[in-house]
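Taken together, the values in this text are just the output of simple stated rules run on the coordinates, not laboratory data. Computed from a prediction, not measured in an experiment: that's the story for all the values here. Backbone-built Cβ (ideal geometry, glycine too); neighbour counts: all protein chains shown.
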Amino acid sequence: MEARAELKYARISPRKVSVVLDLIRNKPCDYAMAVLKHTPKAACEDLQKLLKSAMANAENNYNMDVNRLYVAECYVGQGPILKRIRPRAQGRAYRIDKKTSHVTLVLKEKE
């Protein structure tokens, strides 16, 4: 039995998100929430909402015990890239890639 939650098209680079996901992988949910709350990274705010959503899914859809949940899987994939143009000297244009992420969080119950 597993509960999952997905965050699509998050406006943050997958590389930045994966650093934070490494901190909470295979940790109990209450510990993971505390880590996300006290880590000064941009991705933490979105991941905190995602973890709350996954916990609510586990409780309401699958009747799992919230106190026994842990982060079984968490991974990030690259979403579409928003391409923007920055004017440079002598009429040139440099491209700025604004990357997006698709994050998936899977919770399971401890045996």
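Remarks
- Here is the list for region 35-111: trypsin sites (Lys or Arg not before Pro) lying in DSSP coil, each with at most 15 other C-beta atoms within 10 angstrom of its C-beta, are K41, R88, R92, K110.
- Working note: 222 nm ellipticity from helices only, DSSP H runs with n ≥ 4, each -39,500 (n - 2.57), summed and divided by the residues of the chain, gives -12000 deg cm²/dmol to the nearest 500.
- The convex hull of the Cα atoms of region 60-107, projected and averaged over all directions, covers 5.3 nm².
- Think of region 12-111 as having a plus end and a minus end, set by charges on the Cβ of Lys, Arg, Asp and Glu; of C74, V17, T100, T100 sits farthest toward the positive end of this dipole.
- Placing unit charges on the Cβ atoms only, positive for Lys and Arg and negative for Asp and Glu, gives region 1-71 a dipole magnitude near 340 debye about its Cα centre.
- Debye intensity ratio I(q)/I(0), log10, region 5-111, q values 0.20, 0.24 Å⁻¹ (C-alpha model): -0.96, -1.24
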